[in-house]
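This report refers to the structure that appears directly beneath it.
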Amino acid sequence: MTKRILVTQPVPEAAERVLEGFEVSWNRGPRLEPPELLARATGRHGILCLLTDGIGPAILSLPGLEAVSTVSVGYDHIDLTAAVEHGIVVTHTPDVLTETTADFAWALLMAVARRVVEGDSYVRRGRFQGWDPLLLLGSDVHGKCLGIVGMGRIGRAMARRAQGFDMRVAYYDPLLKYPDAAAVTLDELLAQADFVTLHVPLSESTHHLIGWAELARMKPTAYLVNTSRGPVVDEAALVQALSSGTIAGAGLDVFEREPRLEAGLAGLENVVLAPHIASASRETRERMAVMAAQDLKAVLEGRTPSHPVPLTGHRRAK
Ligand code: GLV
């Protein structure tokens, strides 16, 4: 029997070649609203989805469904408890986007510290009158302290970049150890760091990990960079911290209620905003799509996928 797949949204073309031989329903239009997504998923053995698709119990309990493969490293949009309950294999795309995401987090860090976006707008608006020793003064990056929250793959890639900038690195991670930097508590990190960069997955324990109390612990000269998930930061508290000078600035690739922004955020000059593009290089997005497609194909052909999401700890409490 030819197995049937739903690809929920447009993805790089290379994934199409991987899925040759399956009966694939490609959604080449805009994102499907939940009822339509459920209808299109019905009768499918596999789903290739994106992080903007909510994959909940209604989809995961569909008869015949075997696997959900997301073209993202994050999988907070998939109900893992329901996946375990219905024996659905879930796969994601770690590793391939590590360096690209760290490059972008670094770009946000540099952009906000050195006021690159403000400078760009200043020049475009015809305001540049010549070199001025007091114009758009920012903060040095080299020689400062980088505080990394979450020392997984991307956190480590940030630590490696920091070496080239002669930075001291402190990190907070309750589970992972990294020998080349100082392990500290979250409070210590917030108090010490000149740049705080977030690299944790979104879960119950990381939701609003950075709220008003945490922002207030940061130095008034410090910057926050978030390329993880929006809800890790209490965005209303962040707007308050940025507008009151509690912290110096922020570089954000993700938002609490994406794609909506907290009121007041877009009007602030000390924040650099990006539309969730940290992994968006042509090469990486293609590698992610191919990896997700290959893993989906593996499961549907009865093989073990290379990048399964760990499902331990996601059994429903009896
Ligand atoms: C992007 O945010 C991803 O999870 O891959």
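The values are calculated or read from the model by the stated rules, or taken from the named source; none is laboratory data. Every value quoted in this text rests on a predicted model; they were computed, and no experiment measured them. Ideal geometry is used to build each Cβ from the backbone, glycine not excepted, and the neighbour counts take in all protein chains shown. Note: areas computed on protein heavy atoms with side chains; ligands, DNA, RNA excluded. Shrake-Rupley method; radii C 1.70, N 1.55, O 1.52, S 1.80 Å.
If you check VAL96, VAL123, VAL116, which single one turns out to be away from the ligand (no atom under 13 Å from the Cβ) and either within 27 Å of the chain's Cα centre (by Cα) or over 24 Å from ALA250 (Cβ atoms) (or both)?
Selected residue: VAL116, the only one of VAL96, VAL123, VAL116 that is away from the ligand (no atom under 13 Å from the Cβ) and either within 27 Å of the chain's Cα centre (by Cα) or over 24 Å from ALA250 (Cβ atoms) (or both).
So, in region 10-68, of the ones that are among the acidic types (Asp, Glu) and part of a loop (DSSP other than H, G, I, E, B), which residue ends up farthest from PRO259 (Cα to Cα)?
GLU20
For region 211-224, check the following and say yes or no: at least one residue is closer than 20 Å to GLY150 by Cβ, crowded, with 20+ Cβ neighbours inside 10 Å and within 14 Å of the ligand (Cβ to nearest atom).
Scanning region 211-224, I find no residue that is closer than 20 Å to GLY150 by Cβ, crowded, with 20+ Cβ neighbours inside 10 Å and within 14 Å of the ligand (Cβ to nearest atom), so the answer is no.
For region 281-290, which residues satisfy the criterion of being closer than 19 Å to HIS199 by Cβ and more than 9 Å from the ligand (Cβ to nearest atom)?
Scanning region 281-290 gives SER281, THR284.
Determine which member of the set TRP106, TRP26 is touching a helix residue (DSSP H, G or I) at 6+ places or on another chain (Cβ under 9 Å), at pLDDT 95 or above and assigned by TED's automatic domain parsing to the domain that holds LEU146.
Selected residue: TRP106, the only one of TRP106, TRP26 that is touching a helix residue (DSSP H, G or I) at 6+ places or on another chain (Cβ under 9 Å), at pLDDT 95 or above and assigned by TED's automatic domain parsing to the domain that holds LEU146.
All but one of (1) open to solvent by 10 Å² or more (accessible area, probe 1.4 Å); (2) more than 20 Å from LEU80 (Cα to Cα) hold for LEU51; state the number of the condition that does not hold.
It fails just one condition, (2).
Out of region 236-251, which residues are part of a strand (DSSP E or B) and closer than 15 Å to HIS208 by Cα?
Hits for region 236-251: nothing passes.
From the list THR70, THR81, which residue is of a type in the set (S, T, N, Q), outside the structural domain of SER205 (by TED's automatic domain parsing) and away from the ligand (no atom under 16 Å from the Cβ)?
From the options THR70, THR81, the qualifying one is THR81.
Can you tell me which residue in region 69-79 is least open to solvent (accessible area, probe 1.4 Å), limited to those that are of a type in the set (A, V, I, L, M, F, W, C) and outside any strand (DSSP E or B)?
Filtering region 69-79 for residues that are of a type in the set (A, V, I, L, M, F, W, C) and outside any strand (DSSP E or B), the one least open to solvent (accessible area, probe 1.4 Å) comes out as VAL71.
So which residues in region 229-254 are open to solvent by less than 10 Å² (accessible area, probe 1.4 Å) and among the small types (Gly, Ala, Ser)?
Within region 229-254, GLY230, ALA237, ALA241, GLY249, ALA250, GLY251 qualify.
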